[in-house]
Amino acid sequence: MSTNPPNLRPDLAPKAIFDPSKRDGQPTIGMVSLGCPKALVDSERILTRLRAEGYQMSADYTGADAVIVNTCGFLDSAKAESLEAIGEALQENGKVIVTGCLGAEPDYITGVHPKVLAVTGPHQYEQVLDAVHKAVPPSPNPFVDLLPAQSVSLTPRHFSYLKISEGCNHACKFCIIPDMRGKLQSRPVHGILREAEKLVEAGVKELLVISQDTSAYGLDRRYSTHPWKDREVRSHITDLTRELGQLGAADDLWVRLHYVYPYPHVRDLIPIMADTSNAILPYLDIPFQHGHPDVLKRMARPAASAKVLDEIAAWRTDCPDITLRSTFIVGYPGETEAEFDYMLDWLKEANLDRVGCFKYENVAGARSNALPDHVAEEVKQERWDRFMEASQAISEAKLAAKVGQTIQVIVDDIDEDGIATCRTKADAPEIDGNLFIDEGTQALSVGDLVTVEVDEAGEYDLWGCISK
């Protein structure tokens with residue numbers, strides 16, 4: 001049985017799930033999708049278009065006529081992973097088309113791998129399709145293919161990512177996402193709601209709302225209104241959240257918000273989360289990054305960390321069951337021991353439920369590279385260890401308090417031994433913890449929402465039995 005490791009990177013996408021069926025003579029495309037869930041949505045859109053044109057998808061290199069590698073360029077380590085994936089695809093298949101965030105630096109890719117067929121940037125769907133058509137011409141069956149495109153999902157059928165915007169208006173010194181993906185571009189609210197409704201109708205039990213900055217949704221559209229059902233709805237995160245919550249009841253649909261910056265209007269979301277009759281989970285994923293105001297200023301991020309603590313306290317007053325997860329950076333240039341200790345104290349006072357942590361890395365093109373007083377690698381590691389030790393203690397205490405409680409979980413997997421891997425409302429897929437059911441799972445299926453009694457807790461995971 002596997003347990004949730006403490007250092008899962010939130011920039012890694014879940015492993016893609018493919019349907020292996022194929023008709024005779026059908027051209028086949030492989031897909032390697034790296035990066036965050038937002039990149040996974042890009043992969044799904046590319047494959048949806050290709051499937052509508054008659055292509056089949058392959059889960060391995062050897063079964064594909066060509067391979068698309070959707071890359072990540074968030075950190076230098078992620079860039080190295082992308083280059084490694086491209087090299088592996090070239091070695092195993094030979095025909096490789098590169099897209100995604102690292103594709104914004106084509107010379108960087110072709111300098112290492114000159115034999116790639118094409119390089120395109122993030123969300124450049126038409127250019128990817130053109131490259132595929134050139135490498136592997138379509139051969140559609142008019143009786144089967146060329147139908148209206150049905151969405152390809154690279155995740156298990158019971159949950160799906162719902163991307164509400166592209167790009168970001170922030171200018172954080174350590175991040176180059178705006179350079180790769182551009183400024184904020186929000187989707188119209190009725191288009192998002194229509195997609196969400198179709199996903200629910202198709203059997204999706206959990207919608208994970210993602211973007212670079214979910215709180216800013218609609219700002220670029222000046223919160224324009226659009227007709228939906230019998231009413232007008234604003235392109236605003238509060239209105240969108242309220243409408244998504246009405247797509248199902250809390251006992252048959254979960255809606256989870258990711259990448260929420262702590263703007264003042266976030267407090268308007270809390271009453272929606274506290275209302276147990278709708279589908280919105282009491283869960284906020286907020287990238288705080290640090291607790292010390294001086295470090296936050298050097299990051300070019302909002303620096304009112306003390307006020308954030310007040311906001312957290314207010315959120316918990318209005319919604320006692322709320323789960324808060326975040327990510328932090330240790331070893332940022334200039335970070336002193338006193339600033340790090342301040343962040344540890346801030347973390348303990350915030351008492352966050354789920355926490356991830358990065359050791360700072362220089363990223364080509366990031367303004368933070370030029371900052372003075374870079375922290376030595378051994379100091380970064382020591383601070384990372386101390387940070388994770390503190391966050392682990394918080395997690396362990398919070399999970400221990402759940403022993404004896406009866407809660408709802410969603411089933412993600414059932415292994416050959418009959419052990420069910422599940423998640424609670426406090427756990428997002430791939431990045432948070434799990435709840436394991438060791439026995440009595442014969443009647444369960446992946447995607448079921450079931451009630452369990454928690455009987456054991458670890459540092460990051462729970463164990464339970466089906467409630468009778």
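For the range 428-446, which positions are crowded, with 19+ Cβ neighbours inside 10 Å and in a loop (DSSP other than H, G, I, E, B)? Ala428, Pro429, Ile431, Asp432, Gly433, Asn434, Thr441 - these are the residues of the range 428-446 that are crowded, with 19+ Cβ neighbours inside 10 Å and in a loop (DSSP other than H, G, I, E, B). Consider the range 264-311 and keep the residues that are buried (at least 19 other Cβ atoms within 10 Å of the Cβ) and polar (S, T, N, Q). The one that is farthest from Pro429 (Cα to Cα) is Ser305. Take the range 375-393 and flag every residue that is among the basic types (Lys, Arg) and closer than 12 Å to Leu344 by Cβ. Scanning the range 375-393 gives Arg383, Arg386. Got at least one residue in the range 81-90 being touching an Asp or Glu at 6+ places or on another chain (Cβ under 7 Å) and either modelled with pLDDT under 90 or surrounded by fewer than 20 Cβ atoms within 10 Å (Cβ to Cβ) (or both)? Checking the range 81-90: not a single residue is touching an Asp or Glu at 6+ places or on another chain (Cβ under 7 Å) and either modelled with pLDDT under 90 or surrounded by fewer than 20 Cβ atoms within 10 Å (Cβ to Cβ) (or both).
Of all residues in the range 245-284, those being under 19 Å from the mean Cα position of the chain (by Cα) and outside any loop (DSSP other than H, G, I, E, B) number 9.
Applying the criterion of being surrounded by fewer than 21 Cβ atoms within 10 Å (Cβ to Cβ) and either on the phi > 0 side of the Ramachandran plot or in a helix (DSSP H, G or I) (or both) to the residues of the range 182-192, the residue that is modelled with the lowest pLDDT is Gly182.
The residues in the range 221-261 that are free of Cβ contacts under 8 Å to residues at least 24 places away in the same chain, charged (D, E, K, R) and either surrounded by 15 or more Cβ atoms within 10 Å (Cβ to Cβ) or closer than 23 Å to Pro302 by Cα (or both) can be counted, and the count is 1. For the range 401-421, a residue qualifies if it is more than 17 Å from Asp438 (Cα to Cα) and surrounded by 15 or more Cβ atoms within 10 Å (Cβ to Cβ), and exactly one does: Lys402. For first residues located in the range 380-403 and free of Cβ contacts under 8 Å to residues at least 24 places away in the same chain and over 17 Å from Leu324 (Cβ atoms), partners that are buried (at least 17 other Cβ atoms within 10 Å of the Cβ) and of a type in the set (D, E, K, R) and lie 6+ apart or on another chain with Cβ distances below 8 Å form the pairs Gln381/Lys359. Would you be able to say whether some residue in the range 335-350 is at positive phi and surrounded by fewer than 21 Cβ atoms within 10 Å (Cβ to Cβ)? The answer is no, given that none of the residues of the range 335-350 is at positive phi and surrounded by fewer than 21 Cβ atoms within 10 Å (Cβ to Cβ).
The values are calculated or read from the model by the stated rules, or taken from the named source; none is laboratory data. Only a predicted model underlies this, so the values are computations on that prediction, with no experimental measurement involved. Reconstructed Cβ throughout: ideal geometry from the backbone, glycine too, with neighbour counts over all protein chains shown.
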